[in-house]
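Structure first, commentary second.
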Amino acid sequence: MSIHDLDFITEKLNELKDQGVYRKLTVLGSASGPRCVINGKEVINLSSNNYLGFANHPRLKEAAKKAIDDWGVGAGAVRTIIGNMTIHEQLEEKLAKFKHVEAVLTFQSGFTANAGCIPAVTDKGDVIISDELNHASIIDGCRLSKADLVRFKHSDMADLERVILEVKDKYKTKMIITDGVFSMDGDIAKLPEIVELAEKYGCITYVDDAHSSGVLGSNGQGSAHHFGLSDRVDIQIGTLSKAIGVVGGYVAGKRNLIEWLNHRGRPFLFSTALPPAVVMACMEAVDILSETTEYTDRMWENARYLKDGLNKLGFNTGHSETPITPVIAGDDRKAIELSHRLFEEGVFAQSIVFPTVAKGAARVRTIVTAAHTKADLDETLRAFEKVGKELGLIK
Ligand SMILES: *Cc1c(COP(=O)(O)O)cnc(C)c1O
């Protein structure tokens, strides 16, 4: 036995195996599309965040190829040294216009946007008031902040008010932070009520629109736009990695906020800028969203079709309000079995179990995209019907 065997890690891995939570990654053998290849088999893909089908869209691919010819494959440095290309600034201007905000700053991902922005805008003597189901990157951003953290029950406005009343006289800046759309249940944050409470008690609001960028709002501008609150939500996080189809994240808001992040957003300062192909493909995506609602319309139409179909069959789809549709199976084993049998029937829908979701609420999670055809969805419903009856989930 050698110190270099890292036995302490093997022990931890064994613990995972004992708990039944050790897993291997699914390997995608093709581009991410409505149908894809997994383990050598073509299946209908219901597990991507590629809401609009942009990840493999011809216009985005063309833009990326041209960007490589014009600008190379890398930005060459962090933004604050010499990695800040004309095209980075153009993308940010385009996003600001699209979001109806004064300014935007891009980051390497939605994750780093949260990890950079939360600790930059909050400090010792401040408090962050966070929905208990917020995303891991928000949790990590809060950990990096010197501010105190308090949680409120998921989307429970009475509990939010209780928490605010507890802390409101003890802190300088008070920031309420929430996902715009919650990724496991597909429910939308109660932004109108949150903003109302924030204004009543002098809090600022921070909304992470990772699952709402390109999904909610008339052209996919996000949850604040969806509720007509673009000028009353102080900080909006967006991702370029989900509906936009590429990779990256951004912060949208007032010019002073963006200038501050220019000086204090650590991933912005200390990690290399987005590569040109990514920047240009994202610009193309925003152009498409600005030109037409064709993609968002089709995504919503498909989402309604699948949700209605699943409900008519008798499945429990929780309280989803977006294209994220869970099919709740109950215990972990049942959800895993449902996912496994669906795959055999030609449908890939990942199972999600404890501790990601509560015990007894294990599920397969589906995300329908604009790129799915009616035939894909009918085939999906046939597979769900067959497997659901087999497993006693429906009659
Ligand atoms: C996916 C997600 C992120 C991370 O976005 P990336 O661009 O993939 O890093 C951040 N916040 C929420 C709420 C998410 O769902």
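The values are calculated or read from the model by the stated rules, or taken from the named source; none is laboratory data. Predicted model, so just to flag it, every value in this text is computed and none were measured. Ideal geometry is used to build each Cβ from the backbone, glycine not excepted, and the neighbour counts take in all protein chains shown. Note: areas computed on protein heavy atoms with side chains; ligands, DNA, RNA excluded. Shrake-Rupley method; radii C 1.70, N 1.55, O 1.52, S 1.80 Å.
Below, the figures for the structure above:
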| read-out | value |
| --- | --- |
| Segment Lys374-Lys124, length gained on full extension (0.36 nm per residue, minus Cα span) | 84.7 nm |
| Spin-label proximity, Lys170 to the stretch 91-128 - amide N less than 20 Å from point 7 Å beyond Cα toward beta carbon | 122-128 |
| Net charge, Ala349 excluded, C-beta distance under 11 Å - Lys, Arg +1, Asp, Glu -1 | +2 |
| FRET efficiency, Thr86 to Lys389 (Cβ-Cβ, R0 45 Å, nearest 0.05) | 0.20 |
| Point-to-point label distance, Val73-Arg264, nm (Cα→Cβ direction, 7 Å offset) | 3.8 nm |
| Bins of 5 Å, starting at 0 and running to the largest distance - Cα pair percent for the stretch 249-360 | 2, 9, 11, 13, 13, 10, 13, 14, 10, 4, 1 |
| Gain on full stretching of the segment that runs from Glu93 to Val27 - 0.36 nm per residue minus C-alpha separation | 20.1 nm |
| Probe 1.4 Å, accessible area per residue of the stretch 296-372, Å² | 42 Å² |
| Gln19-Lys312 pseudo-label distance in nm [points 7 Å out on the Cα-to-Cβ vector] | 4.2 nm |
| Cα-based equivalent ellipsoid, the stretch 56-111: semi-axes from gyration tensor eigenvalues, Å | 20, 17, 11 |
| Neighbourhood net charge (9 Å Cβ-Cβ; Lys/Arg +1, Asp/Glu -1) for Arg35 | -2 |
| Local electrostatic count at Asn134 - Lys and Arg +1, Asp and Glu -1, tallied over other residues with Cβ under 10 Å | -3 |
| Percentage of interatomic Cα-Cα distances in the stretch 316-361 larger than 14 Å | 50 percent |
| Accessible area of the chain belonging to carbon and sulfur atoms, whole % at 1.4 Å probe | 52 percent |
| Gained length - Arg35 relative to Glu102, 0.36 nm times residue gap less alpha-carbon distance | 20.2 nm |
| Pairwise centroid distance, computed over Cα atoms, of the stretch 236-299 with the stretch 6-75, Å | 20 Å |
| Using θ = phi - 60° and Karplus 6.51 cos²θ - 1.76 cosθ + 1.60, couplings along the stretch 223-229 (whole Hz; Gly, Pro as x) | 6, 4, 5, 3, 9, x, 10 |
| Label point distance in nm, Ile3-Glu301, each placed 7 Å from Cα along Cα→Cβ | 6.6 nm |
| Shape box of the chain [Cα atoms, principal axes, largest first, Å] | 60, 58, 55 |
| Among the listed pairs Lys124/Lys170; Lys41/Lys334; Lys307/Lys334, those beyond 18 Å (Cα-Cα) | Lys41/Lys334; Lys307/Lys334 |
| Mean-position separation - Cα centroids, the stretch 194-212 and the stretch 131-185, in angstrom | 10 Å |
| Computed accessible area, Lys153, all protein chains, 1.4 angstrom probe, square angstrom | 110 Å² |
| Over 12 Å [Cα-Cα, the stretch 224-276], rounded percent | 72 percent |
| Amide proton proximity set for Gly330, modelled H, under 5 Å, gap of 5+ | Ala362 |
